[in-house]
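Novice: Starting off with a structure, shown below.
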Amino acid sequence: MNSFKQLIENYSPDQKPILPVIVINDLAHAVPLAQALVAGGIPFLEITLRTEHGLEAIKLIKQEVPEACVGAGTVINERQFELCLDMGAEFLISPGITKTLAHYAQDSPVPFVPGIANASNAMLALEHNINEVKFFPAEQAGGIPMLKALAAPFPELSFCPTGGINAENAGAYLSLDTAMAVGGSWVCPSPLIEQQNWAEITRLSQIATSHLKQ
Ligand SMILES: O=C(O)C(=O)C[C@H](O)[C@H](O)COP(=O)(O)O
């Protein structure tokens, strides 16, 4: 399994990236949304499988927006894992971790980043040589104090905090050595996608990335 940090090195070497969590309700939105995020300086895209369009959106964006690094989110079983790989997903993210998925990921050609929010799940990840994880749901699970406490016994782990992250708190998370990226929907909120307000999504992305420049 390749590492997510290697992807960061390839696509965003000067900045810890933002991982927009994307929900596609209309397949026609997929490409213009991806273009809007990329134009705003966000090449990483986490297309969730929460809707029926997720898989097709991954394939379309891969074809039409070559500058993007397209991954899948909400991957919760082996079948979805396989289908996402078939569509060309470059990384796979899950809100949680199970023994089955962690085991299955051992043969994955692309990084798998499972979600964890407690020490037992951190140990399950490490048992499977997974050392890049999503801290989810970050704010609701206790925010930065919780992440610091959780990370302390596991210096091998790198985190992508996600859940309740926004323009105000993203920088504080990213300033932690243990954070490799942050994820969230704040740069592509559903109402703006429904309105097809691509310019505003680019503007939110630009604000987010310019604040985070190190
Ligand atoms: O869909 C998934 O696979 C998830 O893990 C959930 C998302 O990461 C969060 O819903 C994002 O949280 P917000 O940025 O607060 O909207």
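The values are calculated or read from the model by the stated rules, or taken from the named source; none is laboratory data. All figures in this text were calculated on a predicted structure; none of them were measured in a lab. Positions of Cβ are backbone-derived with ideal geometry, glycine not excepted, and every protein chain shown enters the neighbour counts. Each accessible area value is taken on the protein alone, full model and side chains, heavy atoms only, with ligands, DNA and RNA left out. Shrake-Rupley method; radii C 1.70, N 1.55, O 1.52, S 1.80 Å.
Novice: For region 6-64 and region 166-189, what is the centre-to-centre distance using only Cα atoms, to the nearest Å?
Specialist: Region 6-64 and region 166-189 have Cα centres spaced 16 Å from each other.
Novice: Still on this structure, please answer the following. Over the chain, give the accessible area per residue in Å² for a 1.4 Å probe, as an integer. Present the calculation step by step, with values, prior to reporting the outcome.
Specialist: On the way: 9290 Å² over 214 residues.
Heavy-atom accessible area per residue stands at 43 Å².
Novice: Positive end of the charge dipole of the chain (Lys, Arg +1 and Asp, Glu -1 on Cβ, about the Cα centre): tell me which of Met87, Gly40, Leu150 has its Cα farthest that way.
Specialist: Going by the Cα projections, it comes out as Leu150.
Novice: So, one more: Find the lysine pairs in the chain meeting two conditions, Cα atoms under 15 Å apart and a separation of 8 or more places or different chains, and report how many there are. Could you put the intermediate results ahead of the total?
Specialist: Numbers: Lys5/Lys16; Lys5/Lys134; Lys16/Lys134; Lys16/Lys213; Lys134/Lys148.
The number of close lysine pairs in the chain is 5.
Novice: Let me ask something else. Dipole of the chain, Cα-centred, from +1 at each Lys and Arg C-beta and -1 at each Asp and Glu C-beta, to the nearest 20 debye? The partial results should precede the final answer.
Specialist: Working: 11 positive and 21 negative charges, 71 e Å.
Magnitude of the dipole: close to 340 debye.
Novice: Next up: Looking at the P(r) of region 90-214, how many percent of alpha-carbon pairs lie beyond 25 Å? Mind showing how you got there, number by number?
Specialist: Values: 2267 of 7750 pairs.
Result: 29 percent of Cα pairs exceed 25 Å.
Novice: Relative contact order (percent) for the chain, with alpha-carbon contacts under 8 angstrom and 6 or more residues of separation? Before the final figure, lay out each step's value.
Specialist: Working: 406 pairs, mean separation 49.1, N = 214.
Reported relative contact order: 23 percent.
Novice: On to the next question. Quick check: at a probe of 1.4 Å, how many percent of the accessible area of the chain sits on carbon and sulfur atoms? Spell out each step's value before the answer.
Specialist: On the way: 4730 of 9290 Å².
Looking at the chain in its full context, I get 51 percent from C and S.
Novice: Separate question: With each run of n ≥ 4 DSSP H residues scored as -39500 (n - 2.57), what mean residue ellipticity at 222 nm is computed for the chain after dividing by its residue count and rounding to the nearest 500 deg cm²/dmol?
Specialist: Values: 10 runs with 87 residues, N = 214.
Computed mean residue ellipticity for the chain: -11500 deg cm²/dmol.
Novice: Once R0 is set to 35 Å, what does the formula 1/(1 + (r/R0)^6) return for the Cβ-Cβ distance between Gln15 and Arg50, expressed as a FRET efficiency to the nearest 0.05?
Specialist: Working: r = 27 Å, r/R0 = 0.78.
FRET efficiency, Gln15 to Arg50: 0.80.
Novice: Another question about this same structure. Just to be sure I follow the definition: excluding the sites themselves, where is the longest run in the chain that has none of the GluC sites (Glu not before Pro) in a DSSP loop with at most 15 other Cβ atoms within 10 Å?
Specialist: Numbers: sites that count: Glu52, Glu67, Glu156, Glu168.
With GluC sites (Glu not before Pro) excluded where exposed in loops, the chain gives 68-155 as its longest stretch.
Novice: Once both labels are modelled 7 Å past Cα along the beta-carbon direction, what's the Asn131-Lys99 spacing in nm?
Specialist: 2.5 nm
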